[in-house]
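Heads up, the thing below is written out as structure tokens.
None of the figures in this text is laboratory data; all of them are computed from the coordinates on show. Predicted, not measured: the structure shown is a model, and the values here were computed from it. Counting neighbours? That spans all protein chains shown, and the Cβs are built from the backbone with ideal geometry, glycine included.
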Amino acid sequence: MTFSDLGLSPKVLSAVTDAGYTQPTPIQAGAIPHALLGKDILGIAQTGTGKTASFVLPMLTRLEKGRARARMPRTLILEPTRELAAQVEENFIRYGKNHKLNIALLIGGVSFDEQDKKLERGADVLIATPGRLLDHRERGKLLLNGVEILVIDEADRMLDMGFIPDIERICEMIPFTRQTLFFSATMPPEITKLTEKFLHAPVRVEVSKAASTATSIIQRLVKSGSKPWDKRETLRNLMKAEDAELKNAIIFCNRKVEVSELFRSLLKYDFDAGALHGDMDQRARMQMLANFRDGKLRYLVASDVAARGLDIPDVSHVFNYDVPIHAEDYVHRIGRTGRAGRSGKSFTIATKSDTKYIDAIERLIGNKIEWHDGDLSTVVASEGEDEAPRRGRGAPRRAGRKDEDRKDKGERKPRERHAKPSEAAPPEAAHDEQPVAAEATVADIGERRARKEAIRSENTERKADRNESRTPERGDSRPQRDTNRPARHRQEDNDATVGFGDDMPAFMRIVAKV
């Protein structure tokens, strides 16, 4: 079977021939004829089988009739990541070179104003990530009433990234009479429920068992110690051992932090490597991918942002620096190699703590993965690996304080203060000085007490005289002062109060010496 047997338009066939393709892949041969008839499609195929062309080519043929209106796109393609969306745009440009179509790409990291201008001109093809699409919709810059064809690509990845609620919202904004093309590499229960809700009598096109791996990929497990330096050394040894057959390779890590650390480590050991993860600027990500495709970089250290659907056709090796936590991610990662019938190799570095993840992967793919150089039972602990952990709950107590010492904790004697050698005095001198110092101290205290008593008695007499002078005489019309009120109010009522009043400090009463 050739592409000319599928019912595509002459313009599309010409572009496909110019791209160098003559025979369709199984997913393309099964999906394109039904897509041209306007039927809903549920496509299940492993990564790297040509799923993108299976919906791009029939859409181009159907878009030859009609015209787009401002802010009302005719078709909508939803992708989980920016890279996948940009890649689909490249496919439309390549296969639609004989068409005059307006293509709008709505992804994060790009100015809203530039995207709004494309929407105002009218978009025949709208390619978007769910978040940015909803942003434009809430800003009132986009209407989805005119969408004729909806494509949901990499649906299982949408599920992993938490986009399913957004997908449900978008589907409710699109007319019920649309055509829906739904593609996924795996079919978890949540995805099955989604297809039952939004697909109408779909044609199921399944060219391979769900979550299967290509037979052209040689898969191996590689043992390693659990320390980061053990894993990095194991990876470097693998890269050197495969150097003769290695053209380029993608190295996958589970976390962005590990991507950055491993990238710096490889540069330190003079490996030609680049890095790719979700926190990078969009232009930097696209430039890094372009350099890897063009052969300017031999190694690409990446997170799972590069695991889904990226079309890098000639990757010879895949290294899993970390065993993926989700078994489905393993299928997508190693699917970056062995594409389009080519052969490839994948190596997964495993530690003793990764056993349960390896078991889950083997259950998913239905095969046992061979070990490269012995299983985990042959791992030898590296230097420092068996050292005692830091002190924590449940850890053994440090040596130095025994149990019998703790029994006497209530019988400890108070510490004696030892004088410094320079402060120590001869016993004879200390014995002579103590009585004199004590006698002088007693005399000083008695003198101070006598002085305080004299001042206190003087203050008491003056206070009595003041109160007696302020007693109102018979016939005085002035109101009597309320002595029970607080002091601050008594002072406000008595305008004749001068100075500190009763609270005059004693030092101000001392007679100055002439």
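Structure notes:
- Relative exposure of 2, 180, judged by other C-beta atoms within 10 Å (fewest first): 2, 180
- Sorted ascending by nearby beta carbons within 10 Å, beginning with the fewest, 372, 332 become 372, 332.
- Shape call, segment 108-174: gyration tensor on alpha carbons, a/c limit 1.5: prolate
- Rounded FRET efficiency, nearest 0.05, which uses the C-beta distance separating residue 69 from residue 176 and R0 of 22 Å: 0.65
- Tensor-based shape of segment 3-206 (alpha-carbon gyration tensor, a/c under 1.5 rounded, otherwise prolate or oblate): oblate
- Extension reserve of the residue 190-residue 509 stretch, reckoned as 0.36 nm per residue once the Cα distance is removed: 105.6 nm
- Rough spin-label spacing in nm, given labels placed 7 Å along Cα→Cβ, for residue 268 and residue 377: 3.5 nm
- Taking a ≥ b ≥ c as the square roots of the eigenvalues of the alpha-carbon gyration tensor, segment 84-124 is classed oblate because a/c is 1.5 or more while a/b is no larger than b/c.
- Modelled FRET efficiency - R0 60 Å, residue 168 with residue 220, Cβ distances, 0.05 increments: 0.90
- Ranked list, fewest to most other Cβ atoms within 10 Å of each Cβ, for 112, 252, 263: 112, 263, 252
- 28 Å Cα-Cα threshold exceeded, pairs from 193/352; 296/356; 247/352; 256/296; 268/296; 39/65: 193/352; 296/356; 247/352
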